[in-house]
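Taken together, the values in this text are just the output of simple stated rules run on the coordinates, not laboratory data. Note that the coordinates shown come from a computational prediction; the quantities given were computed from them, not determined experimentally. Cβ placement follows ideal geometry from the backbone for every residue including glycine, while neighbour counts extend to all protein chains displayed.
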Amino acid sequence: MVRASEYPVLEFDSDQDAVVNPFKWNLEKFKTDKLIITFFPEVMESLKKDGLIEIERQFGGENPVDIYRFTDAPEILITLGYVGCPACAGNLEVFAACGLTKVMFCGGGGVLDKSIKVGELLVVEGAIRDEGFSYHYIEPSRYIYTDKAVTKKVTDYLDEHKISYLTGITWTTDAMFRETKALVEQRKAEGAKIVEMEQAGCIAIAQFRKFDYAAIIYGGDDVSHDDWDTRSWNSRKGIRYNLVMLCRELVNNF
C-alpha cells in the first residue's frame, strides 16, 4: 500500500515485491555468502597484479561489475563499489539475490571534525538519510542504523586485536557539491562524523533483504571548514590496502 505524501520520495510503498525484482531472476548462486565492497581501485589492481584475487563472475550491461575471489581464501569475494546509493546499493541487492548474506564495506569519507585524522577508522553505526534511495526500501525516518549485533562483532574483533577506531553515524548525501557550510554544521551537530554517499542505501538494502552488513570508513578529506582540504586522502595506499585486508578478516568473523 502506498502512503500518500506531498513529496514523492516520502510516498513509501509497503509492498515487498516490485515489477523489476532481481530475486525473481533465478540468478546463479555464488558458492559462498561473503563479500567485501571496496572503493579503492588501486588496491584491487595490486591484488590482481600479485595474483591474490581472480575473477569469479562478471555482471554485464552498460555498467559491468566484476566480482573477484581471493585465491588463498576462495570463500571471500571482493568487488569495486560504484559511487552513490543507486549504483552501490542497487548492485548490492543483485548480489544478495545471488546468495550473499555477509557483506563488509570499506571506503573513505569527508570528515566533519578536523580532529579525525587521515586514516582514522570509523565503524559505521548508522546514517542520516539525506538521499533518496533508502526511502524506497525503509519507511521515512531521519536516521537508519546498522544491526547492533553485527556491528559489535566488528568492534569486538578490533578490540581484541588492539586496532584503534571510532564509532558513530555518517551523513549520506546524493549531492557532493552541495555540502554547504550550514549543512555541514547541522549534520555535525546531529552527530555525524563523516560524510559519504552510500551508507544509508546499503544499510536499507541489508534491512530489507535481511542480511548481515557492516562498514568501516576511514577519515579522508576535511570538509569541516570554509575551504576544502583534500589532505591527500586518496593517495594513502598503505592505509587503504590494510583496510581491505582487515575487512577480509572481519567478514569471516560475522
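Remarks
- Restriction of the trypsin sites (Lys or Arg not before Pro) in region 123-155 to DSSP coil positions whose beta-carbon has at most 12 other beta-carbons within 10 angstrom yields Arg142.
- Length-normalised contact order of region 116-165 in % [C-alpha pairs under 8 Å, at least 6 apart]: 47
- In region 128-227, a dipole from Cβ-located charges (positive for Lys and Arg, negative for Asp and Glu) runs towards its positive end, and of Val195, Ile205, Trp171 it is Ile205 whose Cα lies farthest in that direction.
- GNM top mover of Val124, Val83, Val111 - the chain, alpha-carbon springs below 10 Å: Val83
- Along its principal axes, region 35-189 has C-alpha extents of 46, 41, 29 angstrom, given from the largest down.
- Taking every C-alpha pair closer than 8 Å and separated by at least 6 residues, the mean separation divided by the residue count of region 73-162 gives a relative contact order of 24 percent.
- DSSP finds beta bridges in region 90-198, and of those with both partners inside it, around 30 percent are antiparallel.
- For the chain, built as a Gaussian network whose Cα springs stay under 10 Å, the top-fluctuating residue of Ala200, Ala127, Ala175: Ala175
- For the residue pairs Lys114/Lys181; Lys114/Lys152; Lys31/Lys152; Lys152/Lys210, the C-alpha atoms sit more than 21 angstrom apart in Lys114/Lys152; Lys31/Lys152.
- DSSP beta bridge pairing in the chain, given as percent antiparallel to the nearest 5: 40
- Taking all Cα pairs closer than 8 Å and separated by 6 or more residues, the relative contact order of region 151-200 comes to 46 percent.
- Computed [θ] at 222 nm, deg cm²/dmol, the chain (DSSP H ≥ 4; -39,500 (n - 2.57); rounded to nearest 500): -8500 deg cm²/dmol
- Partners of Lys49 within straight-line reach, counting lysines whose Cα lies under 17 Å from its Cα and excluding those fewer than 8 residues away in the same chain: Lys237.
- If R0 is taken as 45 Å, the Cβ-Cβ distance between Glu139 and Asp72 corresponds to a FRET efficiency of 0.60.
- Projected onto planes of every orientation and averaged, the convex hull of the alpha-carbon atoms in region 97-167 covers 6.5 nm².
- The slack in the chain from Gln186 to Glu6, taken as 0.36 nm per residue of separation less the alpha-carbon distance, amounts to 62.4 nm.
- Rounded Å value of the spacing that divides the Cα centres of region 175-212 and region 1-59: 18
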